[in-house]
Amino acid sequence: MNKILVVFLILGFYSCGEKQKAEKKTESLEIEKTVFKLKGFELLKDFEKNKAEFGTDTFELFGHSSEGGELKVFHNKIFDYVVYDFWLYGETGKLNYTYWAEKNGKLNFKLIKKLEYNYNKPFYENGYKTDSIIRYLSYSNSKVKLYDLNKTEIKESEKVQKTKLELESFFKDLTKEIEIIK
């Protein structure tokens, strides 16, 4: 009887070990899928879902707007991207530009979200109204594409190039004095 019990225990331990190995393989494949396959709007969804897992560095931005601003850099060793989240505040509006970039030491953008809030009068006056504009710039494959709030592509090449230049210049101008560890 004791021998049968020992055999069952050994078989049980062996099968649990095999199951754990299989689960680890599945988990690593799932992480690879998440880390290396994301493009465009998938990055936005992935970041929203996993934001709590990212470490954050915050930098104050002085001299770029009347009411100040900040940059938050979100990073995590597991994910192959870094997120740069800029906020600039002014009397008649605020800007929120969010950049998803590869974490390979080079600054290769994958997606940029441009969110602008415009006020009809200064925020400190009673009854001001807010209007907002959202644009997305996607660097999928070799072509840069511009999208509106509804994620509908804007195909006007002049508007795409103007937005691309504006957002890339903004990033370079605001980060040139900041030591960011990528």
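Here are the numbers:
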{"read-out": "Sole exception among (1) under 13 Å from the mean Cα position of the chain (by Cα); (2) within 24 Å of residue 158 (Cβ to Cβ) for residue 131, by number", "value": "(1)"}
{"read-out": "Residue match in the stretch 94-115 (condition: in contact with a helix residue (DSSP H, G or I) (Cβ under 9 Å, 6 or more places away or on another chain) and over 21 Å from residue 38 (Cβ atoms))", "value": "yes"}
{"read-out": "Checking residue 88 against (1) within 14 Å of the chain's Cα centre (by Cα); (2) over 23 Å from residue 46 (Cα atoms); (3) not charged (D, E, K, R), the condition it does not meet", "value": "(1)"}
{"read-out": "Meets criteria (of a type in the set (Gly, Ala, Ser) and at pLDDT 90 or above) for residue 93", "value": "yes"}
{"read-out": "Enumeration of residues in the stretch 153-182 that are loosely packed, with under 10 Cβ neighbours inside 10 Å, at pLDDT below 90 and among the acidic types (Asp, Glu)", "value": "179"}
{"read-out": "Of the criteria (1) within 23 Å of residue 163 (Cα to Cα); (2) open to solvent by less than 70 Å² (accessible area, probe 1.4 Å); (3) assigned to a strand (DSSP E or B), which one residue 65 fails", "value": "(3)"}
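The values are calculated or read from the model by the stated rules, or taken from the named source; none is laboratory data. Values in this document were obtained by computation on a predicted structure and should not be read as measured data. Glycine gets a Cβ as well: all are built from the backbone with ideal geometry, and neighbour counts include every protein chain shown. Note: accessible area is taken over every heavy atom of the protein model, side chains too, but ligands, DNA and RNA are not part of it. Shrake-Rupley method; radii C 1.70, N 1.55, O 1.52, S 1.80 Å.
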